[in-house]
Amino acid sequence: MKYDTLIRQALIIDGSNTPGYLADVGILAGRIEAIGDLATVSAGHEVDARGLVLAPGFVDVHTHDDTVVIRHPQMLPKLSQGVTTVIVGNCGISAAPVSLRGDPPDPMNLLGTRAAFAYPRFADYRAAVEGAQPAVNVAALIGHTALRSNHMDDLQRTATPDEIAAMRGQLQESLEAGALGLSTGLAYASAFNATTDEVLQLSEELTAFGAVYTTHLRSEFEPVLEAMDEAFLIGRHAKAPVIISHLKCAGAGNWGRSPQLLASLEQAAKTHPVGCDCYPYAASSSTLDLKQVTDAFRITITWSTPHPEVGGRDLQDIAAQWGLSLMDAARRLQPAGAVYYGMDEADVRRILAHPLSMVGSDGLPEDPFPHPRLWGAFPRVLGHFSRDVGLFPLHTAVHKMTGLSAARFGLTERGEIREGYWADLVLFDPLRVRDVADFKEPQRAAQGIERVWVNGVLSYSEGQANGQRSGRFLARSGALGGGFSSL
């Protein structure tokens with residue numbers, strides 16, 4: 001047999017959380033055809049992978065790439081770090097189904113301007129992704145805030161029974177069209193006044209589909225444990241797996257509480273499928289939230305509509321220049337985005353190392369001065385946290401970004417290097433791989449990512465995208481719930 005591609009003598013770390021082994025991998029028609037000693041076989045394209053690691057392509061479980069996968073389908077920030085699949089629609093905000101009356105409300109503006117929201121039905125969005133054929137695979141959640149914006153004239157209140165019924169109808173239609181589940185962003189003003197009952201009723205649509213519930217908690221600050229309890233209640237009610245987005249101890253007064261949060265997660269996991277994602281940095285990024293303005297830690301402005309010239313500067317410096325308090329300066333900058341240096345490194349490491357956590361970048365591709373996680377999250381886990389800090393072995397790092405993630409979201413035949421699986425693969429140098437993007441120069445490609453294949457097609461090599469775009473839309477293919485028994 002002749003393969004399309006033959007990768008010879010790689011250290012294969014297959015995504016299953018087991019140590020690597022040396023083997024050859026043959027790719028044929030987009031799939032992994034054979035793994036083993038293929039010395040006597042030839043291929044149209046052969047790669048000498050001695051000294052390199054071959055892993056499944058990374059699954060970025062927490063992105064806001066909803067519209068950028070269509071408008072900028074080359075997806076270089078993700079492809080360059082070995083990501084082959086992105087999950088969009090997180091934090092309650094999604095590109096579809098959306099019918100705007102005016103400008104997108106905060107935080108939906110993280111996905112782009114009004115012109116970016118052109119998908120009144122989820123099926124329209126799916127068709128647009130398939131038409132754009134991005135360089136990475138795309139799977140999508142439905143945002144609670146997006147549904148609210150379609151049916152409510154005022155997002156600062158809870159929904160009426162009629163509005164909830166209309167949202168449920170759209171959610172059901174979207175799940176039928178292949179959406180993975182429902183996401184909420186209950187911390188944001190546009191959803192904060194939604195009662196638990198509103199979300200409980202919506203979540204009932206997930207049950208019949210075996211779909212997932214993901215949530216940016218109602219609070220990541222002092223009431224975080226109560227917010228986690230609310231998430232678990234919703235998941236149990238809907239018989240839906242629960243994924244807590246970017247689990248963290250936010251705010252200086254919350255530092256050191258990660259053992260409590262993880263104990264809560266473990267307790268819930270005894271009786272229900274739950275997990276979390278996290279990003280490998282002690283700084284967060286979102287829209288500029290007046291409730292989070294403080295002098296307890298640094299806040300850097302990433303963008304400002306009325307004052308675009310201040311992108312990349314600290315709020316404290318801007319306030320001093322203007323002769324204003326931090327709060328008044330923040331008001332003058334609105335609408336705006338920010339990086340908040342509001343976490344403790346020890347908490348970040350504890351959550352990242354926990355068996356129930358996956359890796360997601362939470363990168364914001366629309367930010368002119370983005371958090372470096374957009375370009376560096378996955379190599380940072382491999383290089384800094386696994387190799388340099390020794391937080392976990394390399395095979396565990398890979399598992400948190402591949403096999404675990406694919407199982408949690410029901411991405412069948414992906415996330416592991418197995419015969420018959422789709423050939424989403426990344427070849428990297430375990431000694432050189434590292435994130436280069438930082439808070440001063442955030443838009444820099446990682447080092448040590450040698451080659452990336454998406455559905456069997458070489459799409460990135462030697463530091464360059466080659467223009468090949470072989471990503472697919474990945475519809476939910478059945479009940480979710482795998483990958484949760486990790487303790």
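Residue count for segment 354-389, restricted to those that are out of contact with any helix residue (DSSP H, G or I) (no Cβ under 8 Å at 6 or more places or on another chain) and acidic (Asp, Glu): 1. Among the conditions (1) of a type outside the set (Phe, Trp, Tyr); (2) under 18 Å from THR18 (Cα atoms); (3) touching a Pro at 6+ places or on another chain (Cβ under 9 Å), the only one that ARG380 does not satisfy is (2).
Report whether or not GLY312 is touching a Phe, Trp or Tyr at 6+ places or on another chain (Cβ under 7 Å), outside the structural domain of THR85 (by the TED database) and farther than 22 Å from HIS62 by Cβ. In short, yes. Within segment 258-271, residues that are more than 13 Å from HIS246 (Cα to Cα) reach partners that are acidic (Asp, Glu) and open to solvent by 70 Å² or more (accessible area, probe 1.4 Å) with beta carbons closer than 9 Å, at six or more positions or on different chains, in the pairs SER264/ASP229; ALA268/ASP229.
Would segment 180-203 turn up any residue that is assigned by the TED database to the domain that holds ARG126, over 21 Å from HIS272 (Cα atoms) and β-branched (Val, Ile, Thr)? Yes, the conditions are met somewhere in segment 180-203. Among the residues of segment 299-317, not a single one is over 23 Å from GLN443 (Cα atoms), touching a residue at least 60 places away in the same chain (Cβ under 8 Å) and not hydrophobic (A, V, I, L, M, F, W, C).
When the strands (runs of 3 or more DSSP E) confined to segment 259-356 are screened for residues that are crowded, with 22+ Cβ neighbours inside 10 Å, those reaching at least 3 such residues are found at 274-278, 299-304, 336-340. Residue pairs whose Cβ atoms lie under 8 Å apart, sitting 6 or more positions apart in sequence or on different chains, and linking a residue in segment 152-166 that is in the same structural domain as LEU100 (by the TED database) to a partner that is assigned to a loop (DSSP other than H, G, I, E, B) and of a type in the set (Ser, Thr, Tyr), are THR158/THR195. Whether any residue in segment 125-136 is over 30 Å from TYR460 (Cα atoms), part of a helix (DSSP H, G or I), among the small types (Gly, Ala, Ser) and out of contact with any Gly (no Cβ under 6 Å at 6 or more places or on another chain) is what I want to check. So far as segment 125-136 goes, no, none of its residues is over 30 Å from TYR460 (Cα atoms), part of a helix (DSSP H, G or I), among the small types (Gly, Ala, Ser) and out of contact with any Gly (no Cβ under 6 Å at 6 or more places or on another chain).
Filtered by the rule that a residue be farther than 19 Å from TYR21 by Cβ and small (Gly, Ala, Ser), segment 384-427 gives GLY390, SER405, ALA406, ALA407, GLY410.
Yes/no per residue for (1) at pLDDT below 95; (2) out of contact with any Phe, Trp or Tyr (no Cβ under 6 Å at 6 or more places or on another chain):
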site: ILE318; (1), (2): no, yes
site: GLN334; (1), (2): no, yes
site: GLY342; (1), (2): no, no
site: ASP362; (1), (2): no, no
site: GLU366; (1), (2): yes, yes
site: ARG414; (1), (2): no, no
site: ALA423; (1), (2): no, no
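Of the residues making up segment 174-197, those that are more than 22 Å from VAL86 (Cα to Cα) and assigned to a helix (DSSP H, G or I) are ALA189, SER190, ALA191, PHE192, THR196, ASP197. Scanning segment 135-158 for residues that are buried (at least 24 other Cβ atoms within 10 Å of the Cβ) and aliphatic (A, V, I, L, M) gives ALA135, VAL136, VAL138, ALA139, ALA140, LEU141, ILE142, ALA146, LEU147.
On inspection, ALA166 fails the criterion of being hydrophobic (A, V, I, L, M, F, W, C) and either modelled with pLDDT under 95 or assigned to a loop (DSSP other than H, G, I, E, B) (or both). Just wondering, is there one or more residues in segment 178-196 that are open to solvent by 40 Å² or more (accessible area, probe 1.4 Å), over 26 Å from GLN292 (Cα atoms) and either modelled with pLDDT of 95 or more or out of contact with any strand residue (DSSP E or B) (no Cβ under 8 Å at 6 or more places or on another chain) (or both)? No; the residues of segment 178-196 include none that is open to solvent by 40 Å² or more (accessible area, probe 1.4 Å), over 26 Å from GLN292 (Cα atoms) and either modelled with pLDDT of 95 or more or out of contact with any strand residue (DSSP E or B) (no Cβ under 8 Å at 6 or more places or on another chain) (or both). GLY112 meets the stated requirement of being within 24 Å of TRP303 (Cα to Cα) and either small (Gly, Ala, Ser) or not assigned by the TED database to the domain that holds TYR213 (or both). All conditions in (1) open to solvent by 10 Å² or more (accessible area, probe 1.4 Å); (2) in a helix (DSSP H, G or I) hold for LYS248, with the sole exception of (2). Evaluating ASP197 against the criteria (1) touching a Leu at 6+ places or on another chain (Cβ under 8 Å); (2) more than 17 Å from ALA96 (Cβ to Cβ) leaves one unmet condition, (1).
Of the numbered criteria (1) over 18 Å from PRO365 (Cβ atoms); (2) open to solvent by 40 Å² or more (accessible area, probe 1.4 Å), the one VAL199 fails is (2).
The values are calculated or read from the model by the stated rules, or taken from the named source; none is laboratory data. All figures in this text were calculated on a predicted structure; none of them were measured in a lab. FYI the Cβ positions are ideal-geometry reconstructions off the backbone, even for glycines, and counts take in every protein chain you see. Just so you know, the surface numbers come from the protein's heavy atoms only, side chains and all, with ligands and any DNA or RNA stripped out. Shrake-Rupley method; radii C 1.70, N 1.55, O 1.52, S 1.80 Å.
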